[in-house]
1. Report, by residue number, each residue of region B:253-266 that is of a type outside the set (A, V, I, L, M) and either facing chain A (nearest Cβ under 9 Å) or in contact (Cβ under 8 Å) with a residue 40 or more places away in the chain (or both).
2. Since B:L219 meets every condition but one in (1) touching a Gly at 6+ places or on another chain (Cβ under 9 Å); (2) under 27 Å from B:G101 (Cα atoms), which condition does it not meet?
3. Out of (1) more than 28 Å from B:P192 (Cβ to Cβ); (2) facing chain B (nearest Cβ under 8 Å); (3) of a type in the set (A, V, I, L, M, F, W, C), the odd one out for A:I176 is which?
4. So which of A:S231, A:S245, A:S227, A:S238 ends up being open to solvent by less than 20 Å² (accessible area, probe 1.4 Å) and farther than 21 Å from A:T267 by Cβ?
5. Within region B:195-228, can you find the residues that are within 7 Å of chain A (Cβ to nearest Cβ), outside any helix (DSSP H, G or I) and either polar (S, T, N, Q) or under 24 Å from A:T211 (Cβ atoms) (or both)?
6. Counting only residues that are farther than 24 Å from A:P351 by Cβ, free of Cβ contacts under 8 Å to residues at least 40 places away in the same chain and within 7 Å of chain B (Cβ to nearest Cβ), give me the strands (runs of 3 or more DSSP E) lying completely in region A:198-291 with at least 2 of them.
7. Being more than 19 Å from A:T274 (Cα to Cα) and not hydroxyl-bearing (S, T, Y) is the requirement here; does B:V254 meet it?
8. When the residues of region A:328-338 are filtered to those that are crowded, with 20+ Cβ neighbours inside 10 Å and not hydroxyl-bearing (S, T, Y), which remaining residue is modelled with the highest pLDDT?
Amino acid sequence: MAPELRGSASSHRAVETLAAKLRRRQVVGSRAAALETVLVLRQVVSKARFSNLEQLVSIIRSAGRTLVEAQPKEHSVGNTVRKVLHHVREEYHTATRETTKPSFSIAKFVSQGQPRKQATGAARTEIKGILKDYDTSDPDAFAKMLKPVLMEAIQYVLDELETVYDNVAKNAKDHIHSDEIILTLGKSRTVEEFLITAAHNRNYTVIVAETALRKYEGREMAKSLSSAGISTFLVPDSSIFALMSRVNKVILGAHAILANGGMFAITGSQIAATAARAHSTPVVVCVGQFKITPLWNLYHEYGALDFGNPSDVLRFDEGNLVDKVDVVNPYYDYVRPELIDAFITNDGDHPPSSIYRLLKETYDDEDTEL
Amino acid sequence: MDSKNIPRGLKIFSHFGLPKPVGHTVKGDIHPAIIRLGLLFSEFRICGANARAIATLTAFKKVIQDYTTPAQSSLSRHLVTHLSPQITHLVAARPMSVTMGNAIRQLKLEISKMDFDMVEQEAKNSLCEKIDNYIRDRIIFADEVIQDLAGKKIKDGDIILAFARSSIVEKVLLRAHEEGKKFSVIVVDSPPLLEGCKALLTTLTNTSPNPIPCTYALLPALPSLLTEVTTVLLGAHALFSNGAVYSRAGTALVAMMAKGHGVPVVVCCETYKFSEGVMVDGFGKNELAPSKITRSTGDSINVTPSTNLEILNPLYDLTPPTFITAVVTEVGLIPPSSISSIPLALGKSTL
C-alpha cells in the first residue's frame, strides 16, 4: 500500500478527474482518451516517490487500473498505460545494464533495423554510467536520477500520439492510385487525413456510406472530403453491395485492434468487409498503433459491447410502437481477421497475421492484466 | 445535365438517370386516371411491385371502359396505340417496374387476340374481365398459396428476420400468426425509404389476440442479431432466369450475412414477377430515390449536393443466386437454379 500513498495528493486528484471524465464519457475518441491518459501519467510519475523500479511500476499500474475500470470499453487508455510501462522498464534496463533487456530474439532481430531503437541508443550511452552509483542514503536519490529518463520515455509516447495522423498518411499516395473508387464508412479522423493527403497527388473518387446508426456521421465525412476537393458520393448503407462491384478498395477506421488481428470498428464495418470479401475487393484499415490491444474476442460472435441510444433508431414520435417493440442499436462491430487485408499504421503496414508480433514488441507480458 | 460541368468522377454513375421532376406536364391526351396514378407514383404513395401492378391494371380498366374505337379501325389494333402514350406518361413519372411490364405485355397480348367481330362493349367487358382474372390468379391467389407454403416453414419458437416491407412477407407472417404459431420477428430497416418502420411494425404489433413480439433495428446492426435468427424471409421486385433476385436495396447484404451464418434465406415471389434475361449486378438497371422522399431516423445534419459532393440513393440491388436457399412461388418451393424451368411448370411456352 505504501507506494500508492507516497504518490502526492495532486496527482491522485488528476487520476480521479480523468476517471470521472471517462466514466461520464466526456472524453470522446480513442486518441483524445490516450492523450489525456499520457498527460495524467506524466503528472503521476513526476510527483511519484519510489526507491526501486517495482514501486514505480505499481504506482503507474494502480493509476492505470483506476482509469481502465472507469471506462473498460475505451481500450486506448489501457494501451497507453501498458506502453508507458514498457518504455519505463526499457529505459531503466538500458540505463542500468550494458545491453538491452533480453527479449525475443526474432523481435530483437527485427528491431535492429528500426530507426527508433537507434535514437534511444544515443541516450543510452549518456545515462549508462549515471545510475551505477548513487547515494543510497537519500531515499529520493534513485527517483531523482531516474526521472529525466522516465520523462523522456513518456514524451516519446506523447510524440507518437500527436503525430499519428501524419505518420499514417505518410505513404497515402502509394496506396491509392489515380482514378480509383474508394469506399469508406462513417467518420474516422485517421481515414480522413489519409484520404486528404492522397488527394494532393492523386485524382480519385470516394464513396462514403452514411452510417445510419451513428447519427449519420458519414455525412460530415462526405462534407469535409468534398470541401478538400475530392469528388465524393454519399450513399446509404443499403447500397454497399450494389456499388461494391465498382469499388477498388475499402478503407475503414478502427476503434481497437485485437490480439488475433481482428478489430472492433463502427457498426456497419462488418457488412462492408463481408461485401468486399464477396467481391474480392481489398479491405484496408488505417489506424494508429496505440489502438492495438492485448485482448481476444472469445465470447461474442458480435462486437456489440456497447449500445447506443435507441431513440436514434425509433423516435418517440412513433409513440404507439415504442412500448411494443424492442430496439437494438449496437455501437461497434467485430470484424474477423480473415476479412481484413492490411493495417496501415503510423509505424508501417502490417497484415492481420503479424499483429501478435507487434503486441509482443510494444507491450510487456506482465502488463496484460493491469 | 451539362456533361462539361460534372467532375470526372461523377460521370460513371450518370447512367443511373437522376430522378426527373414530377410529371406535372401532361403531353397529349392522357386519361385522368392515369394522370392521378402518375402523381401517386412520383410521390411514392404507391410503393411496391404488387401495389403498382394492381394500381396500373385497375387504371387501365377505366381507360378501356372510356375508350371508343375510331370509325376506320378495330379495337384490337387501335387500343394498343391508344394505350402507348398513357404508358409513357407513367414511365415518365417513375421508371416501370418489372411487374408492370409483365402485366402490360400480357394485356397487349389479350388485346391483340380479341375477336374482330365482337361488339365494342362486349370486347371491353371481356378485356376488363381478363384483367380481373389476371389480378386474381397471378397476384391474389398466388399470394394465398405462397402464404401456405411459406407458413409451413415457420415453426413455434422461431425467430424470423424480415427486411424492409414486402407485402407478401407481411401476409405470410400474419397468416402464420393466425394459425396460432408462436414466433417473434426481427424487422431490419434501412434508409432511404425506411419502409419497415411504421407500416410493417404497426401491422405486426396490432395483431390480436396477442401481438407478435418484434425487434427493430437498422441494417448495420444486422450481424449482431443474426446469431439468433432461424429464418430470413425476403420479398422480391423481380426474379431473373439465372436465379438472381432484384429487390429493395439492402436485401443483398441481408442475404449475404445470413448465408455466412448458415441461416436459410427464403424469398417469396409470385411467378408474374419473373423476367426473362439475366442480370449480373445492381448497376445495369436501377433507380435513384428523389431526395424529397428520403427519410432518416433520429437527428442528422442535412447535406446538400455541391461541386464535389453528390448524393446517391439507389432503390434496388441484385442478390446473386448463391446467397438464396429457396424461392417460394405459387408453383412450389424451388431452388434458385430452377427458375428458368418455371414457365414449363406453369404450362406455358413463354412467361
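1. Of region B:253-266, the ones of a type outside the set (A, V, I, L, M) are B:259-262, B:264.
Scanning region B:253-266 gives B:K259, B:G260, B:H261, B:P264.
2. All conditions pass for B:L219, except number (2).
3. Exception for A:I176: condition (2).
4. That would be A:S231, the only listed residue that is open to solvent by less than 20 Å² (accessible area, probe 1.4 Å) and farther than 21 Å from A:T267 by Cβ.
5. Correct list: B:C214, B:T215, B:Y216, B:A217, B:L218.
6. A:231-236
7. no
8. A:V335
The values are calculated or read from the model by the stated rules, or taken from the named source; none is laboratory data. All of these numbers come straight from a predicted model, not from anything done at the bench. Ideal geometry is used to build each Cβ from the backbone, glycine not excepted, and the neighbour counts take in all protein chains shown. Accessible surface is based on the protein model in full, side chains and every heavy atom, while ligands, DNA and RNA are left aside. Shrake-Rupley method; radii C 1.70, N 1.55, O 1.52, S 1.80 Å.
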